[in-house]
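Participant: The structure under discussion is supplied below as structure tokens; questions concerning it will follow.
FYI, it's all coordinate maths here, none of it is from the lab. The structure presented is a predicted model; accordingly, all values stated were derived computationally and were not measured. Cβ atoms come from the backbone with ideal geometry, glycine included; neighbour counts cover every protein chain shown.
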Amino acid sequence: MNATATPSLGLLVVACILPACGETVPAASPFSVRDSAGIRIVQSSVPRSASADAWWVDDEPLLVLGGGPDGDLYDVAGAVRLSDGKIVVGDGGSGRVRFFDHDGGPLGSVGGRGEGPGEFVLLQSMGIGHGDTVWAYDFQLQRMSFFTAPGTLTRDVGLRPRHPAGVTVGYLTDG
């Protein structure tokens, strides 16, 4: 080995090791990334933004629903907004489908406790279908009831599941 190669090799080794000896320690990341069955999961431990456009909850609500002749809402089974701005809420506590104007003022209700047409034993879910048709599902009776936007019952449809665990209910918007 020749003498001129040794100092160059030593200098090269020192040049490669020296950057690793710095005092800078990388800051802990505010988020973690992991894999779950091939799906990338990113979890943050800090808010996304501290700027003025970050999420916050106001002290004053934008809308208050409930009260009126049918009382407060209890055990809400779902809520939807119709194309004209009206709001419809499935009130499981009273077994009623309640209608409100766009400002939250009560417009009326349909249904109630019972097993007759448009009545409910266990109002579990509700939603909106084609043309602002409101549907409400009674888990106990295994029945969907359909109402027009003003609250007129149009039909009841019985659902008899083959499996004892019941059914998952939904309504496609195309009818």
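Participant: Explain nothing, just compute: Karplus ³J(HN,Hα) = 6.51 cos²θ - 1.76 cosθ + 1.60, θ = phi - 60°, for every residue of region 64-72 in order, whole Hz, x for Gly and Pro.
Facilitator: Taking θ as phi minus 60°, the curve returns 10, 10, x, x, x, x, 9, x, 6 Hz for region 64-72.
Participant: Along its three principal axes, how long is region 100-146 when you only count alpha carbons? Whole Å, largest extent first please.
Facilitator: 33, 23, 16
Participant: What ranking do 32-40, 107-115, 134-142 get when scored by the average of other Cβ atoms within 10 Å per residue, highest first?
Facilitator: Output ranking for 32-40, 107-115, 134-142: 134-142, 107-115, 32-40.
Participant: Here is a further query. Give the long-range amide H neighbours of Ile128: residues separated by 5 or more places, or on another chain, with amide H under 5 Å away, using H modelled in the peptide plane at 1.01 Å from N.
Facilitator: When sequence neighbours closer than 5 places are left aside, the close amide H contacts are Trp135.
Participant: Here's another thing I want to ask about it. Could you pull out every residue, at least 5 positions away or on a different chain, whose amide H is within less than 5 Å of the one on Leu107? Hs are placed 1.01 Å off N in the peptide plane, and Pro or chain starts have none.
Facilitator: Close amide H contacts, sequence-distant or interchain: Phe99, Phe100, Asp101.
Participant: Where does the charge balance sit around Glu115 when Lys and Arg score +1, Asp and Glu -1, over other residues with C-beta under 13 Å from its C-beta?
Facilitator: -1
Participant: I've got another one for you. Put one equal scatterer on each alpha carbon of region 30-111, apply the Debye formula with no solvent term, and list log10 I(q)/I(0) at q = 0.12, 0.27 1/Å to two decimals.
Facilitator: -0.60, -1.31
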